[in-house]
Amino acid sequence: MKKIALAVSALCLSVSGVAAADDPIAVRKSIMQATAASAGLAGAMMKEELAYNPAIAKAAILTLNAGAKSYGAFFPEGSGEGDTTAAPAIWEDAAGFQAALDKYMTDTAAALDAAGKDGPADLASFQAAIGPVFSNCKSCHEKFRVQNN
Amino acid sequence: MKKKLLTTALIVIAGGGAAFWLLSAPTSLEAGALGALEAPSAERGEQVFWAGGCASCHARPGADGDARLELAGGVELKSDFGTFVAPNISPHMQDGIGGWSDMAFANAMLHGVSPEGEHYYPAFPYPSYARMEPQDVSDLFAFIKTLPEVEGDAGEHQLSFPFTMRRGIGLWKLAYMHDEPVVALGADASDAERRGQYLVEGAGHCGECHTPRNIAGGQLYDQWLAGAVSAEGEGIVPNITTGDGGIGSWSAGDIAYYLESGFTPEFDSVGGAMVSVQKNMARLSKEDRDAIAAYLLAVQPKPNGYPSSR
């Protein structure tokens, strides 16, 4: 039984591996969708539309952190064409894009640190932890995204 | 006979030239236009400064935080007509506008005319600013005079003929510059909708990017705020009416929150040139952001003012 589970998970990994190689646009989009969903959860708690919950807060931070670490791997040269809002600046200013990714990774890692084992204790500490992470959205989208529809 | 034809032709050309010269003449405010105003308030002027988005073009490229108050100029707007370079409008006496009179500043903002009596290119969004109240313009100048003096000239526009001929802008103004309100709000419109109209159509100059233009750069008012192909060439500027492709699913609260935080209802974030604009909007009062939202929801819905990319 355990063997089957292992085989299945290995299969999933290889399938997603193939998808990533074939369609980096689709992969980076799904990472960004998960990022937006987590930011949305965080935002709903900050707007107090959703009661604050440390476990949800931590899950959101973990998702943002995972996205930050993996996102940059899905912008191969030539993937700026097609169903994408990636700006040409990603490749024209590769060092600038990498710096933006590095800053995002640093800020999400710091938020994860601040979250501790059980997540930020209250809304104020969550806001303090997530604020710097959120600032990355617009600073990166200012230069590296083009709205095209 | 030949001589007569030649004379007629010369008269026609001279007449045409004279007509061009008269019609394209820079205009200015009446001498007493600023006389009845209250003493200018730099404090009120700061709100006008953020509403007007001055820092987005006149701060140094990429400036953030307090550096947005150093109006050195230098941002380049690359358009079909050439590259426009935003000038130094810091209160520096030689390199900025510190030596300007109140009247000179008001003529620039409301008539698009320089202290030397030349037309400015409408890359400087005076066709929208022309809808501002003179008091707000006066307050704005008072605020700008409190900002740091910055040395240095930002450089010349890089344009090709015939766009190098500033006099021609006079005809452009006659054809396309309208200082009356764009939207006819009903008699039952709320105060918030009216305040929003003033901010969006005037100082905020939202229509300069969000409304499509014809080939001569005139705004297509029948597609007001319907979105447009970006004048700078990359991508589109979105439809901000409630029509198809626009913000019909957004509540007034969603719009105000976006202007304050930069996040859409789906928690996508602001991007591109709007990032700088949103930073300005975040400095307005909550009432003014709410007013902008109220007005946008009252604008006639239009389908996207740009072709679908797929």
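Among residues of the stretch A:27-56 that are within 12 Å of chain B (Cβ to nearest Cβ) and more than 14 Å from A:Pro120 (Cα to Cα), those with a beta-carbon under 7 Å from a residue that is among the small types (Gly, Ala, Ser) and crowded, with 18+ Cβ neighbours inside 10 Å at least six positions away or on a different chain give the pairs A:Ala34/A:Gly67; A:Thr35/A:Gly67; A:Ser38/A:Ala60; A:Leu41/A:Ala60.
Whether a residue is farther than 15 Å from B:Pro148 by Cα, modelled with pLDDT of 95 or more, acidic (Asp, Glu) and not assigned by TED's automatic domain parsing to the domain that holds B:Cys209 was assessed, and B:Glu70 does not pass this test.
Only one of the numbered conditions (1) in a helix (DSSP H, G or I); (2) within 14 Å of chain B (Cβ to nearest Cβ); (3) surrounded by fewer than 16 Cβ atoms within 10 Å (Cβ to Cβ) is not met by A:Asp83, and that is (1). Restricting attention to the stretch A:74-90, the residues that are under 15 Å from A:Lys29 (Cα atoms) and without any contact (Cβ under 8 Å) to a residue 12 or more places away in the chain total 2. Could you give me the residue pairs with C-beta distances under 6 Å whose first residue belongs to the stretch B:141-156 and is assigned by TED's automatic domain parsing to the domain that holds B:Asn88, whose second residue is of a type in the set (Val, Ile, Thr) wherever it lies, and which are 6+ apart or on separate chains? Final answer for the pair search is B:Ala154/B:Val85; B:Gly155/B:Val85.
Taking the numbered list (1) among the aliphatic types (A, V, I, L, M); (2) touching a Gly at 6+ places or on another chain (Cβ under 9 Å); (3) under 24 Å from B:Ala282 (Cβ atoms) in turn, B:Ile247 passes all entries but (2). Scanning the stretch B:93-114 for residues that are more than 16 Å from the chain's Cα centre (by Cα) and small (Gly, Ala, Ser) yields B:Gly96, B:Gly98, B:Gly99, B:Ser101, B:Ala104. Of the residues making up the stretch B:116-149, those that are part of a loop (DSSP other than H, G, I, E, B) and either under 19 Å from B:Phe84 (Cβ atoms) or of a type in the set (Gly, Ala, Ser) (or both) are B:Glu116, B:Gly117, B:Glu118, B:Tyr120, B:Tyr121, B:Pro122, B:Ala123, B:Phe124, B:Pro125, B:Ala130. Restricting attention to the stretch A:57-80, and to residues there that are within 13 Å of chain B (Cβ to nearest Cβ) and among the hydrophobic types (A, V, I, L, M, F, W, C), which single residue is surrounded by the fewest Cβ atoms within 10 Å (Cβ to Cβ)? Residue satisfying both the conditions and the ranking: A:Leu64.
Looking at B:Val277, B:Val229, can you tell me which residue is aliphatic (A, V, I, L, M), in contact (Cβ under 8 Å) with a residue 60 or more places away in the chain and farther than 28 Å from B:Glu46 by Cβ?
Numbers: B:Val277 fails: farther than 28 Å from B:Glu46 by Cβ.
Selected residue: B:Val229, the only one of B:Val277, B:Val229 that is aliphatic (A, V, I, L, M), in contact (Cβ under 8 Å) with a residue 60 or more places away in the chain and farther than 28 Å from B:Glu46 by Cβ.
Can we say A:Gln147 is within 13 Å of chain B (Cβ to nearest Cβ), surrounded by fewer than 21 Cβ atoms within 10 Å (Cβ to Cβ) and under 22 Å from B:Glu232 (Cβ atoms)? Spelling it out, A:Gln147 is indeed within 13 Å of chain B (Cβ to nearest Cβ), surrounded by fewer than 21 Cβ atoms within 10 Å (Cβ to Cβ) and under 22 Å from B:Glu232 (Cβ atoms).
Restricting the first member to the stretch A:91-112 and to residues that are closer than 18 Å to A:Gly80 by Cα, and the second to residues that are surrounded by 16 or more Cβ atoms within 10 Å (Cβ to Cβ), the beta-carbon pairs closer than 6 Å and six or more apart or on different chains are A:Phe97/A:Ile90; A:Phe97/A:Phe144; A:Ala100/A:Cys140; A:Leu101/A:Gly72.
Can you tell me which residues in the stretch A:102-124 are hydroxyl-bearing (Ser, Thr, Tyr), touching a helix residue (DSSP H, G or I) at 6+ places or on another chain (Cβ under 7 Å) and away from chain B (no Cβ under 13 Å)? The one that is hydroxyl-bearing (Ser, Thr, Tyr), touching a helix residue (DSSP H, G or I) at 6+ places or on another chain (Cβ under 7 Å) and away from chain B (no Cβ under 13 Å): A:Thr108.
Just to be sure, is A:Gln98 within 14 Å of chain B (Cβ to nearest Cβ) and either part of a helix (DSSP H, G or I) or not charged (D, E, K, R) (or both)? Talk me through it step by step, then tell me what you get.
Numbers: within 14 Å of chain B (Cβ to nearest Cβ): no; either part of a helix (DSSP H, G or I) or not charged (D, E, K, R) (or both): yes.
So A:Gln98 fails the test.
The values are calculated or read from the model by the stated rules, or taken from the named source; none is laboratory data. Quantities reported herein were computed from a predicted structural model and do not represent experimental measurements. Heads up, the Cβs are rebuilt from the backbone with ideal geometry, glycines too, and the neighbour counts pull from every protein chain shown.
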